[in-house]
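Contents: one structure, followed by commentary.
Values in this text are rule-based calculations from the coordinates and carry no lab data. Since the structure is predicted, the reported quantities are computational estimates derived from the model, not experimental observations. As a convention, Cβ positions derive from the backbone with ideal geometry for all residues, glycine included, and neighbour counts pool all protein chains shown.
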Amino acid sequence: MEFIISYWWLILILIIVFSGLFTINQGYVGVITMFGKYQRTVGPGLNIKVPVLEQVYKKVSIQNRSAELEFQAVTQDQANVYFKSMLLYSVQNSNEETIKNVAFKFISDRDFMQALIRTIEGNIRSLVATKKQYEILGLRREIVEYVKTEVDQSLEDWGYHLQDLQITDITFDKVILDSMSKVVASNNLKAAAENEGQALLITKTKSAEAEGNAIKIAAEAEREAARLRGQGVALFRHEVAIGMTEAAEQMKQANLDTNVILFSMWTEAIKNFAEYGRGNVIFLDGSADGMEKTMKQIQAMMMKPAGSDPEINLLKTLNK
């Protein structure tokens, strides 16, 4: 007790000194005022102020903060649109001028939040009022970019920065939603019909192309087959003519009648008719007079001018 009485003044000094000590948490900046007037800012950690004269006016958070908004807007065609959004904002930086704006622009954080929300809602409403209801769902990105552009300037004056704005939900009145569902359904049916028509057109076109190609290939094959058959017949006749020419020469040297060859041709023809006729009816005069008449016709054909071809040589040989 005697110590306290003797050193009361020292105890008073210590109390005054310790009353000037204070701490600022990480993520905050302290604003110091004297007699209500701004003096300076202090950072996180242990700080000192003039006891009694100075006081910590506000601790400003420089961390990111978020808020959720729900509000209504009206489109150009008088449709009600309901928005749900989330905004992320923060103090621009920890510079002294920025901290002063944050500390003194608004009386409280509640007033700042009210101004921020009303500013964002007003900008979205002004944009939605120029659009029709069917355009709104496709304008999420445009709405966000428009709001950030319009709001950022005001926030900079207040010392804040809008980090992000997300429109989480856009809804309409039930009547509008039902009508939009019908429009979507009809558009889907229309698209399905168009796709089905295109598919049918492609199928028919490809089928026609395939059929045309098949006909073309068949015609080419038939033409090639006919050409090959003609070459075969011509070659057969050529070989027959050569063989008959040789036979005629041998018969001539043996002083035999060459009409035997004509008779052989006649009988061979009748044999082929019978063997390969395949049900076709061919009328031939098989009498002696008919055969004689046919032989004369063959001889008359042989009287045509002859060339160097073996068949022509055969005719010449048979007529000698």
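A few points about this structure:
- Rounded FRET efficiency, nearest 0.05, which uses the C-beta distance separating Tyr146 from Val56 and R0 of 51 Å: 0.80
- Once C-alpha pairs closer than 8 Å and six or more residues apart are averaged by separation and normalised to the residue number of region 2-61, the relative contact order reads 35 percent.
- Computed from the Cβ-Cβ distance with R0 of 25 Å, the FRET efficiency linking Glu222 to Glu268 stands at 0.30.
- Figure legend: label point modelled 7 angstrom from the Cα of Ala115 along Cα→Cβ; residues of region 147-173 with amide N under 15 Å from it are 151-162.
- Note on region 65-172: dipole from Cβ charges, positive end direction compared against Val74, Trp158, Ala115; the farthest Cα belongs to Val74.
- Nearest-0.05 FRET efficiency for Lys182 and Ser207, computed from C-beta distance (R0 30 Å): 0.20
- Placing unit charges on each Cβ (+1 for Lys and Arg, -1 for Asp and Glu) gives region 65-172 a dipole about its Cα centre, and among Ile124, Phe83, Val102 the Cα reaching farthest toward its positive end belongs to Phe83.
- Chain lengthening between Ala234 and Leu21 when straightened (0.36 nm per residue, less Cα-Cα): 64.1 nm
- Annotation for Leu88 and Thr130: the two label points, set 7 Å from Cα along the Cα-Cβ direction, are 2.8 nm apart.
- Summarised in one figure, the compactness ratio Rg/Rh of region 65-172, Cα atoms and Kirkwood Rh, is 1.02.
- Sparse packing (at most 13 other Cβ atoms within 10 Å of the Cβ) combined with a DSSP loop state is found for the following trypsin sites (Lys or Arg not before Pro) in region 102-193: Lys132.
- Estimated Rh, region 2-61: Kirkwood, alpha-carbon pairs, angstrom: 12.7 Å
- Relative packing of 79-85, 34-40, which averages over residues the other C-beta atoms within 10 Å, highest first: 79-85, 34-40
- Backbone N under 19 Å from the Glu156 label point (7 Å along Cα→Cβ), restricted to region 103-135: 103, 105, 116, 119-120, 123
- Out-of-range pairs (alpha-carbon distance over 19 Å; input Lys132/Lys190; Lys37/Lys100; Lys59/Lys148; Lys37/Lys59; Lys49/Lys105; Lys84/Lys174): Lys132/Lys190; Lys59/Lys148; Lys49/Lys105
- Shape descriptor for region 101-162: Rg over Rh equals 1.07 (Cα atoms; Rh from the Kirkwood inverse mean 1/r).
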